[in-house]
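What follows is a single structure, written as structure tokens, with notes after it.
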Amino acid sequence: MSYFVTGGTGFIGRFLIERLARRKGTIYVLVRRSSKQKYLDLLEKTGLSKDRLVPVWGDLAKNKLGISAKEMAKLKGEIKHFYHLAAIYDLKADAESQEVTNIQGTQSAIDAAEAMQAGCFHLASSIAAAGLYRGVFREDMFEEAEGLKHAYFRTKHVSEGLVRKECKIPYRIYRPAMVVGDSKTGEMDKVDGPYYFFKLIQKLRYRVPQWCPIIGIEGGQMNIVPVDYVADAIDHISHKPKLDGRCFHLVNPDAHKVGEVLNIFSKAAHAPKMALRIDSRMFAFIPSSITGLVKNMPPVKRLTSAILADYQIPEDGLQFMNMPTRFDNRETVKALRGSGIELPALEDYAYKIWDYWERNLDPDLFKDRSLRGNVEGKVIVITGASSGIGKASALKLAEAGAEVVLVARTVEKLKETQQEIEELGGTSYAYTCDVSDLESCDELVATLLKNHGHVDVLVNNAGRSIRRSLELTFDRFHDFERTMQLNYFGAIRLVMGLAPSMLERKSGHVINISSIAVIVGTSPRFSAYAASKSALDAWSRSAAAEFSDRNIAFTTINMPLVRTPMIGPTSIYNAVPTLSPEEAADMICEAIVKRPKRIATGLGISMQVLNAVMPKATEIIMNTVFRTFPDSAAAKGEGEEGKTEASSEQVALAAVLKGIHV
């Protein structure tokens, strides 16, 4: 007894071949000549010899599978079971490809099986052949299918119809549900079906505690079966006598709703579960014409596309959120009775599916997250690059292969940084610019565009901080003018100058070094500094909204205290936990690699939440900080401050509020 398999190098095909190999007989597998390596990989995975697993060179899109007359003559009368598994099971595939593979490929397979005089033609169809039928779809139903507009539904229905109407030899049809990985190992070959929602679950796990209930969706039916069950069932049923002409549903008769499936995988991922699931039928009273109008509004469509892209969910995947069909499988149950083949509960193997995806299929695994891979050859401008955060960032980026442009007021210190970069084998350029002088900013922009053509990343790092209470500032309005001039006007002057070239290239990234004081919401003694950074933050949010469709990203880094010369005049900071410039530079590198909207410390975000929920509590806390840490001698105009020992109360409070300006 011999077998012929199309799609044998595919996922379901490989599992079926492993089952067929336990029986006697030669297994012939259709292989394109350009896919010889896939055949060799199949040999390795199955452990079969070339005598038992024999390649037949051909092509699904050609007449009679493109099998040569000589090969066809050799196969004639030898094939007991012909398995047609080759098809496109991908929502992202274009309609033309699905037409060729699913429909033309099936007709070609039928013609080849008839030419071989095969004993039985076995078609691996899909529950998609039922379309969007409302109600219970039985195994003896076919013409009753509804909602076949989508290419995937339509081509699977038509291809099954070809077998029913055109096949002149005995046939059997199998309709698997959404096939996921092996229930024992979790092994899967691609992201499809429920896997599309794994990235959403993963991101929720990172952002929300597992114990925190969230609001989600209920959705329609999501029928899921593991690949090992499908292969076992097809192998057993295909060898059982007196079942020709029948169709078998390889499904879960008690399928879960979408919301239940997401909760099962959320539990497997240790992510929060949806305690309240909203059913779309709640909105059935709204006329379809209204919902259709809203869905097709450009802002809604764009927002939907952006959200789906962020979570890597294909737009067509939404069609499977409300599938109304339930599937009866009584014929399959009868055929499998006594075989020991049972469908495992999704809850029992979901953790294996999740674990395999996260270790092997997570799309983020294949992104280059290395610093070198994201900055090599790019022009990165850093203001305030002569010391502190700017210098530390320049050294890291240059060592990773970036073309670092150093900007500061004094060229002498920039040359020192250049020398260190040269010793690291990096490339750098130095330009003097007083960012608080708008004309100097304009000159810098002109020079950058003339010498480098464009700027990939602008790091607005240069800044001025003034720590002085308001009572000491009543006659020092210039404190506010100076900080605003450098931290706000100078920064946006550079962005405005470079933005036209970024927009023209549809590529650019602006990183603003802001302060934790901005998200905490209140920062005594830093009113001038916090106000200027808040202004830059607000301006950047507006710019990001205008440029988001042009691939221009804005990232705000809400830095806690960093041990730089800027905080030197306040000796009390010697007792306060601070970041090193190198640690701050790591945050800038992370921003370049990941391009997030914001980077902030956990404590900063916690204080932001507290300020939103209990603003008075935040005010009291920061007032306590204000009273505990006095103005420096420099702020009082008393000259240089001598060495001051921090009190135990100050040390304790600084330890609790580490990183928040005090």
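Among the residues of region 157-184 satisfying the criterion of being within 21 Å of Gly10 (Cα to Cα) and small (Gly, Ala, Ser), which is farthest from the chain's Cα centre (by Cα)? Per the criteria, the residue is Ser159.
Of the set (1) in a loop (DSSP other than H, G, I, E, B); (2) modelled with pLDDT of 90 or more; (3) touching a helix residue (DSSP H, G or I) at 6+ places or on another chain (Cβ under 6 Å), all apply to Ile492 but (1).
Say whether the condition of being in the same structural domain as Tyr171 (by TED's automatic domain parsing), surrounded by fewer than 17 Cβ atoms within 10 Å (Cβ to Cβ) and within 35 Å of the chain's Cα centre (by Cα) is met by at least one residue in region 61-76. Yes, there is a match, as at least one residue in region 61-76 is in the same structural domain as Tyr171 (by TED's automatic domain parsing), surrounded by fewer than 17 Cβ atoms within 10 Å (Cβ to Cβ) and within 35 Å of the chain's Cα centre (by Cα).
Sort out for me the strands (runs of 3 or more DSSP E) sitting completely within region 116-178 that have 3 or more residues that are modelled with pLDDT of 95 or more.
The strands (runs of 3 or more DSSP E) meeting that bar are 120-124, 171-176.
Among the listed residues Gly219, Gly245, which satisfies the condition of being in contact (Cβ under 8 Å) with a residue 60 or more places away in the chain, assigned to a loop (DSSP other than H, G, I, E, B) and within 27 Å of the chain's Cα centre (by Cα)? None of the others qualify; the one that does is Gly219.
Here is a check on your reading of the model: is Tyr83 aromatic (Phe, Trp, Tyr), buried (at least 19 other Cβ atoms within 10 Å of the Cβ) and within 22 Å of Val227 (Cα to Cα)? So Tyr83 fits the description; yes.
With in the same structural domain as Ile341 (by TED's automatic domain parsing) and either in a loop (DSSP other than H, G, I, E, B) or surrounded by fewer than 20 Cβ atoms within 10 Å (Cβ to Cβ) (or both) as the only criterion, which of Asp232, Asp228, Asp189 stands out? Walk me through it before giving the result.
Numbers: Asp232 fails: either in a loop (DSSP other than H, G, I, E, B) or surrounded by fewer than 20 Cβ atoms within 10 Å (Cβ to Cβ) (or both); Asp228 fails: either in a loop (DSSP other than H, G, I, E, B) or surrounded by fewer than 20 Cβ atoms within 10 Å (Cβ to Cβ) (or both).
Selected residue: Asp189, the only one of Asp232, Asp228, Asp189 that is in the same structural domain as Ile341 (by TED's automatic domain parsing) and either in a loop (DSSP other than H, G, I, E, B) or surrounded by fewer than 20 Cβ atoms within 10 Å (Cβ to Cβ) (or both).
Kindly evaluate Ala118 against the criterion of being in contact (Cβ under 8 Å) with a residue 40 or more places away in the chain, among the aliphatic types (A, V, I, L, M) and under 29 Å from Phe197 (Cβ atoms). So that I can check it myself, show each step before the final result.
Numbers: in contact (Cβ under 8 Å) with a residue 40 or more places away in the chain: yes; among the aliphatic types (A, V, I, L, M): yes; under 29 Å from Phe197 (Cβ atoms): no.
Here the answer is no, as Ala118 does not meet what is asked.
As a summary of the residue check, Lys203 satisfies the conditions (1) of a type in the set (D, E, K, R); (2) under 14 Å from Ile353 (Cβ atoms); (3) assigned to a helix (DSSP H, G or I) except for the one numbered (2). Among the conditions (1) farther than 22 Å from Ile169 by Cα; (2) touching a Ser or Thr at 6+ places or on another chain (Cβ under 8 Å); (3) in a strand (DSSP E or B), Pro55 misses just one, which is (2).
Please verify whether Pro298 is out of contact with any helix residue (DSSP H, G or I) (no Cβ under 7 Å at 6 or more places or on another chain), modelled with pLDDT of 80 or more and assigned by TED's automatic domain parsing to the domain that holds Ile224, treating the condition exactly as stated.
On the way: out of contact with any helix residue (DSSP H, G or I) (no Cβ under 7 Å at 6 or more places or on another chain): yes; modelled with pLDDT of 80 or more: no; assigned by TED's automatic domain parsing to the domain that holds Ile224: yes.
So Pro298 does not fit the description; no.
Step by step: first the residues of region 557-596, then only those that are modelled with pLDDT of 90 or more and assigned to a loop (DSSP other than H, G, I, E, B), then the one that is surrounded by the most Cβ atoms within 10 Å (Cβ to Cβ). Which residue is that? Checked region 557-596; the qualifying residue surrounded by the most Cβ atoms within 10 Å (Cβ to Cβ) is Arg595.
From the set of residues in region 18-50 that are among the small types (Gly, Ala, Ser) and assigned to a helix (DSSP H, G or I), which is farthest from Phe4 (Cα to Cα)?
Taking region 18-50 first, the residues among the small types (Gly, Ala, Ser) are 21, 25, 34-35, 47, 49.
Filter once more, so that each one left must be assigned to a helix (DSSP H, G or I): 34-35.
Values: Ser34: 19, Ser35: 17 Å.
By that ranking, first place goes to Ser34.
Going through (1) touching a strand residue (DSSP E or B) at 6+ places or on another chain (Cβ under 6 Å); (2) surrounded by fewer than 20 Cβ atoms within 10 Å (Cβ to Cβ); (3) modelled with pLDDT of 95 or more one by one, Val404 falls short only on (2).
The values are calculated or read from the model by the stated rules, or taken from the named source; none is laboratory data. None of these values were measured; they are calculated from a predicted model. A quick note on method: Cβ atoms are made from the backbone with ideal geometry, for glycine too, and the neighbour counts reach across all protein chains shown.
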